[in-house]
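Below is one structure, written out as structure tokens; the observations come after it.
The values are calculated or read from the model by the stated rules, or taken from the named source; none is laboratory data. Everything numeric here is computed off the predicted structure, so don't read it as measured data. Here the Cβ positions follow ideal geometry from the backbone for every residue, glycine too, while neighbour counts run over all protein chains shown. Please note that ligands, DNA and RNA were not included when accessible areas were found on the heavy atoms of the full protein model with its side chains. Shrake-Rupley method; radii C 1.70, N 1.55, O 1.52, S 1.80 Å.
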Amino acid sequence: MSEASTSSTVVLCVNGTRHRLCLDHRTTVLDALREHLDLTGTKKGCDHGQCGACTVLLDGRRVNGCLVLAISAVGKQIITIEGLGTSSDLHPMQQAFVAQDALQCGYCTPGQICSAVAMLDEVRQGWPSAVTEDVADETIKLDDTEIRERMSGNLCRCGAYVNIVTAITEAAR
Amino acid sequence: MREFAYARPEHAEEAVRLVAAGDAAYLAGGTNLVDLMKLGVARPGLLVDITALGLDFVTELPDGGLRIGAGTRNSDLAASSLVRRGYPMLTQAILAGASGQLRNLATVGGNLLQRTRCSYFQDASKPCNKRNPGSGCPARTGEHHNLAILGASEHCIATHPSDMAVALSALDAVVHVREPDVQRETPLADFYLLPGDRPDRETALHPAALITAIDIPPLPFARRSTYRKIRERASYAFATGSLAAAIDLADGIVRDVRLSFGALAPVPWRARLAEEALRGQPASPEAFRDAAARELAAARPLRDNAYKINLVTAATVQVLSGLSEVTP
């Protein structure tokens, strides 16, 4: 990684597979996935961190793929919707979204599912949210209000929120 | 977006040296900087990634205060049991901001230095005295319903967007900074500059200054503190007004109080006049209302943002009454 060069050869670890890529430094994780690795499950919505359609897991945590430069993700584990489950072996969160009809057009769905999977992990770790009454309490009661607040970084312009909340509640059981 | 070089040093001295050479910016979480680069508002020729500098920690100081590494992710600070138990207003302020995804990336140091969300600043095709000094401020006669009523100038009415900084201001946080030849500690109260005729200058920092840590002094009564944010939707939006508050009562009398306002000014606004008015007074909704009025007497609202005065006054009465367990 020379200081003067504006591109670098990097190794990205995506869904457990290492990929060697020559990338312009301007390439985000989102664009690396879609344009260089043909992993088009991760969606580009706003490209400004406002919609959550590009949500992926970075070292197990949900992040906006559109705001992470690929070069800064070197050495980290990226998990995308393709890494969570396959059509013959769905992740429990994917099963719940299907069972509860938690989508209409489906464009935001991969981001919703990646976000929800990591969100449940945050709840298991006892992280509070903006609607948690007593933030010192390390046991979170995951009701609809908590799910809605914790998922507010994922917009659904079809308005499938009601069934998304139901699906996440089901998957959390 | 302009092309840029990239470096990820492992020592703070090296990071500062690289940025001091010019045309460079520090990259931490990137949630604001990468977006501003996409918008053409920020155009660094070199990004110095500071996530390998070991600045990710939250530790208790011998005096009972906290030292927070500037590279600590917002979500980690909010989840820290030291913060949740000792300074709940800080956890609440962090969790009131952005989304779960953004908080997992954003860092404490970056949060302090994030730029205003004034729509004219973020649109490179528009005049803006902060982005392009001397070009003018369309916000004064344009879209300003969410902009400043306190501390602004004829050159700039942008607000500081941070929730976290409002709580840190109420808690008398101290910012540790490394510059090319010196390391210094600056109280948050002296950290930000009001816009005056130089809205492009937002802090008193050296251009290559690197924030390394933030200290929070001990404040036992902050265990009963809160952050209240009012915004145009229930979640994931910047504030129209907010406040961080803590109160220390003895027999119904205000022994001490901390109060800071957010989204009202170009800086997190420590309400020292209101605090002064309340010390020694009986805790009552009337006293809280009078104190807020005293602070907001300096407000200079424009056509569409005078509503913030009533909004924040009512919120102050509600929050301080709640903390004091008196009925508003």
Task: Choice from A:L57, A:L30, A:L67 with maximal GNM fluctuation in chain A (Cα, 10 Å cutoff) - done: A:L67
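Can you compute the charge dipole magnitude of the protein assembly as shown about its Cα centre, using +1 on each Lys and Arg Cβ and -1 on each Asp and Glu Cβ, nothing else charged? Give it in debye, rounded to the nearest 20. Present the calculation step by step, with values, prior to reporting the outcome.
Numbers: 51 positive and 56 negative charges, 178 e Å.
Roughly 860 debye for the protein assembly as shown.
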Task: Spin-label model distance (nm) - B:T141 vs B:D290, 7 Å beyond Cα toward Cβ - done: 4.3 nm
Task: Per-residue ³J(HN,Hα) for the stretch A:43-49, Karplus 6.51 cos²θ - 1.76 cosθ + 1.60, θ = phi - 60°, Hz, x for Gly and Pro - done: 9, 9, x, 8, 6, 10, x
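Buried accessible area between B and A (1.4 Å probe, both chains summed, ligands and nucleic acids excluded), in Å² to the nearest 100?
Numbers: alone 14550 and 9430 Å², together 20570 Å².
Chain pair B/A: roughly 3400 Å² of buried accessible area.
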TODO: Would you mind getting the Kirkwood hydrodynamic radius of the stretch B:160-257 from its Cα pairs, rounded to one decimal in Å?
DONE: 15.7 Å
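Is chain B best put as rounded, prolate or oblate by its Cα gyration tensor, with a ≥ b ≥ c the root eigenvalues, rounded for a/c under 1.5, and otherwise prolate when a/b is larger than b/c, oblate when not?
In terms of gyration-tensor shape, oblate.
How large, in percent, is the carbon and sulfur part of the accessible surface of the stretch B:54-328 at a probe radius of 1.4 Å? Provide the component values of the computation, followed by the final result.
Details: 5290 of 10740 Å².
Carbon plus sulfur share of accessible area: 49 percent.
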Open item on the list: Amide H of B:Y26 versus every other amide H placed in the peptide plane: which residues, excluding those fewer than 5 positions away on the same chain, fall under 5 Å?
Closed with: B:V48
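Express in nm, to one decimal, how much length is gained between B:F57 and B:T327 on full extension, taking 0.36 nm for each residue of separation and deducting their alpha carbon distance.
Numbers: separation 270, 0.36 × 270 = 97.20 nm, distance 4.01 nm.
Stretched fully, the B:F57-B:T327 segment lengthens by 93.2 nm.
How well do other chains shield peptide A:122-131, expressed as the mean number of their Cβ atoms within 10 Å of each residue Cβ? All intermediate terms of the calculation are to be shown ahead of the outcome.
Values: counts 5, 0, 0, 1, 3, 9, 8, 6, 14, 3.
Partner Cβ neighbours, averaged per residue: 5.
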Task: All-pairs Cα distance distribution in the protein assembly as shown, expressed in whole percent, bin size 20 Å - done: 23, 56, 20, 1
Open item on the list: Under the 0.36 nm per residue contour assumption, what length would be gained going from the current alpha-carbon distance of B:D123 and B:R279 to full extension?
Closed with: 51.7 nm
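Counting only helical runs of four or more DSSP H residues, what would the 222 nm mean residue ellipticity of the protein assembly as shown come to if each run contributes -39,500 (n - 2.57) and the total is spread over all its residues? Walk me through the intermediate numbers first.
Values: 17 runs with 142 residues, N = 501.
Only helices count here, giving -8000 deg cm²/dmol.
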Task: Inter-label distance for A:V131 and A:T9, nm, one decimal - labels placed 7 Å from Cα along Cα-to-Cβ - done: 5.1 nm
- [ ] Compute the distance in nm between two label points, each set 7 Å from the Cα along the Cα-to-Cβ direction, one at B:M1 and one at B:A21.
- [x] 2.1 nm
- [ ] Report, ordered by chain and residue number, the aspartates and glutamates lying within cross-link reach of A:K141, taken as a straight Cα distance under 19 Å and ignoring same-chain residues fewer than 8 apart.
- [x] A:D121, A:E122, A:E133, A:E149, A:E170
Open item on the list: As I understand it, the value is the acute angle between the Cα axis of helix A:161-172 and the longest principal axis of the Cα atoms of chain A; what does it come to in degrees, rounded to 10?
Closed with: 90 degrees
TODO: Calculate, for chain B, the solvent-accessible area per residue in square angstrom, rolling a 1.4 angstrom probe over the heavy atoms of the protein chains.
DONE: 39 Å²
- [ ] Report, by chain and number, residues whose modeled amide H sits under 5 Å from the one on B:I253, excluding near sequence neighbours (fewer than 5 apart, same chain).
- [x] B:A283
Task: Average other protein chain Cβ within 10 Å of Cβ, residues B:45-55 - done: 2
- [ ] Just the number, please: carbon plus sulfur as a percent of the accessible area of the stretch B:1-53, 1.4 Å probe, no ligands or DNA/RNA counted.
- [x] 43 percent
Open item on the list: Given a 1.4 Å probe, show me the residues in the stretch B:208-257 buried by at least 30 Å² of accessible surface when comparing the whole protein assembly to the chain alone.
Closed with: B:S235, B:Y236
Task: Proximal lysines to B:K38, defined as alpha-carbon separation beneath 27 angstrom and excluding residues fewer than eight positions away on the same chain - done: A:K43, A:K44, A:K76, B:K126, B:K130
- [ ] Could you list the GluC sites (Glu not before Pro) in the stretch B:262-328 that lie in coil according to DSSP, counting only those with at most 12 other Cβ atoms within 10 Å of their Cβ?
- [x] B:E325
Open item on the list: Restricting the calculation to Cα positions, tell me the Rg (one decimal) and the Dmax (whole number) of the stretch B:1-47 in Å.
Closed with: 10.6, 30
- [ ] Just name one of A:Y161, B:N104, B:Q92: the one whose Cα is farthest towards the positive end of the charge dipole of the protein assembly as shown (beta-carbon charges, Lys/Arg +1, Asp/Glu -1).
- [x] A:Y161
Open item on the list: What whole-number distance in Å separates the alpha-carbon centres of the stretch B:1-28 and the stretch B:152-200?
Closed with: 22 Å
- [ ] From largest accessible area down, sort A:K44, B:K130, B:K308; use a 1.4 Å probe on the protein chains.
- [x] A:K44, B:K130, B:K308
- [ ] List every residue whose amide H lies under 5 Å from the amide H of A:C51, counting only residues 5 or more places away in sequence or on a different chain, with H placed 1.01 Å from N in the peptide plane.
- [x] A:C46
Open item on the list: Cut-off 19 Å, label point 7 angstrom out along Cα-to-Cβ of B:Q318: give me the residues of the stretch B:218-241 whose amide nitrogen falls inside.
Closed with: B:225-241
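I need the shape label for chain A. Rule: rounded when a/c is under 1.5, else prolate if a/b > b/c, else oblate, with a, b, c from the alpha carbon gyration tensor.
Numbers: a/c = 2.05, a/b = 1.63, b/c = 1.26.
Because a/c hits 1.5 or more and a/b exceeds b/c, chain A counts as prolate.
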Open item on the list: Per residue of the stretch A:146-152, what does 6.51 cos²θ - 1.76 cosθ + 1.60 with θ = phi - 60° give for ³J(HN,Hα)? Whole Hz please, x for Gly and Pro, Karplus curve as stated.
Closed with: 5, 4, 4, 5, 5, 9, 5
Open item on the list: What are the ³J(HN,Hα) couplings of the stretch B:20-29, residue after residue, when phi is run through the Karplus curve with 6.51, -1.76, 1.60 and θ = phi - 60°? Round to Hz, x for glycine and proline.
Closed with: 5, 5, x, 6, 9, 9, 6, 10, 10, x
- [ ] Provide the per residue accessible area, probe 1.4 Å, for chain A, rounded to a whole number of square angstrom.
- [x] 45 Å²
